[in-house]
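The values are calculated or read from the model by the stated rules, or taken from the named source; none is laboratory data. Everything numeric here is computed off the predicted structure, so don't read it as measured data. Here the Cβ positions follow ideal geometry from the backbone for every residue, glycine too, while neighbour counts run over all protein chains shown.
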Amino acid sequence: MTKDSLGLGFAAAIDFLRQRVALEDGEWEALVAEVDAAARERADGMVAAMHRDVLRAALRAVERGSAFETFLDDFEAALARWGGDASDKPATRHRADLAFRLLTAQAYAAGAWRGYQKGKADFPYLRYVHVDPELEMRDSRPEHAAWHDLILPLDDPFWRTHYPPNGWNCRCYTTQVSQFTLERRGWKVSPSPQIKQVLRFVRGQPVMTPEGIDPGFAYNVGEVGLRLPPLPEGAPATD
């Protein structure tokens with residue numbers, strides 16, 4: 001990946017977050033629920049207004065290159081503003097860390113997907129990458145490790161449900177691959193996997209989700225991102 005492509009991905013991630021912030025309450029959830037029914041049951045305990053504040057905090061962090069600690073301050077302020085309880089500091093920090101990791105990972109994944117679409121004529125494949133395929137780290141998922149080095153066409157149905165991140169604290173990502181790279185490295189295009197649906201329970205409600213995917217994550221954040229309304233011309237940056 002070149003320095004220019006990194007810059008484009010960063011800009012696209014910011015645009016994605018800004019588009020999410022601009023949505024009306026419930027719009028994002030409705031878009032996601034169209035492709036993943038389980039998302040209707042994955043409540044995170046946030047009122048809509050607080051969720052918007054958390055999105056703004058993530059956007060500020062990405063725009064400014066801020067550390068997690070800055071986001072944590074904004075997260076605690078949002079909790080206080082909307083009547084949440086931040087008295088349990090370790091629990092609040094853990095919750096903020098989950099939110100920060102997820103929102104930033106989704107933003108960069110959505111930005112990458114936009115780039116993939118633009119370059120798919122020359123780079124028609126995606127390769128699934130697990131950061132710990134040998135499962136040496138605590139909490140690494142064996143199901144996700146099994147998808148490491150899976151190479152499929154960009155329009156394969158697998159990416160509709162398994163494009164990462166596809167779970168809480170998921171660190172998986174994808175890289176775009178050309179036919180030239182495929183041949184030079186001796187890689188092969190993988191058969192399209194059979195996707196098995198399993199029954200899971202979320203807050204007592206039964207939901208069906210692909211095996212290995214956390215309930216509410218069986219959708220391609222990049223594809224949903226492409227359906228977001230464009231930002232107005234000259235829209236200002238976040239305060």
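Key figures
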item: Matching residues, region 116-132, being surrounded by 16 or more Cβ atoms within 10 Å (Cβ to Cβ) and either of a type in the set (A, V, I, L, M, F, W, C) or within 13 Å of C170 (Cα to Cα) (or both); result: F123, L126, Y128, V129, H130, D132
item: Residue check, Y125 modelled with pLDDT of 95 or more and within 19 Å of the chain's Cα centre (by Cα); result: no
item: Of residues in region 25-36 being out of contact with any strand residue (DSSP E or B) (no Cβ under 9 Å at 6 or more places or on another chain) and of a type in the set (D, E, K, R), the one modelled with the highest pLDDT; result: E27
item: Conditions (1) of a type in the set (G, A, S); (2) surrounded by 20 or more Cβ atoms within 10 Å (Cβ to Cβ); (3) at pLDDT below 90: number failed by A237; result: (2)
item: Meets criteria (among the polar types (S, T, N, Q), closer than 18 Å to P165 by Cβ and at pLDDT 90 or above) for T92; result: no
item: Candidates E223, E211, E136 - the one that is at pLDDT 95 or above and over 29 Å from L17 (Cα atoms); result: E136
item: Given (1) surrounded by fewer than 17 Cβ atoms within 10 Å (Cβ to Cβ); (2) modelled with pLDDT under 85, index of the condition M46 fails; result: (1)
item: In region 173-191, residue surrounded by the fewest Cβ atoms within 10 Å (Cβ to Cβ) [restricted to those that are out of contact with any helix residue (DSSP H, G or I) (no Cβ under 8 Å at 6 or more places or on another chain) and part of a loop (DSSP other than H, G, I, E, B)]; result: G186
item: Selection count where residues are part of a loop (DSSP other than H, G, I, E, B), free of Cβ contacts under 8 Å to residues at least 40 places away in the same chain and surrounded by 14 or more Cβ atoms within 10 Å (Cβ to Cβ), scope region 150-172; result: 2
item: Yes/no for A145 being touching a His at 6+ places or on another chain (Cβ under 9 Å) and either farther than 30 Å from K188 by Cβ or not aromatic (F, W, Y) (or both); result: yes
item: Only one of A22, A12, A39, A80 that is in contact with a Gly (Cβ under 6 Å, 6 or more places away or on another chain), at pLDDT 80 or above, at negative phi and not hydroxyl-bearing (S, T, Y); result: A12
item: Odd one out for D85 among (1) surrounded by fewer than 16 Cβ atoms within 10 Å (Cβ to Cβ); (2) charged (D, E, K, R); (3) modelled with pLDDT of 85 or more; result: (3)
item: Considering residues of region 192-215 that are under 21 Å from the mean Cα position of the chain (by Cα) and not in a loop (DSSP other than H, G, I, E, B) only, the residue nearest to I151 (Cα to Cα); result: P210
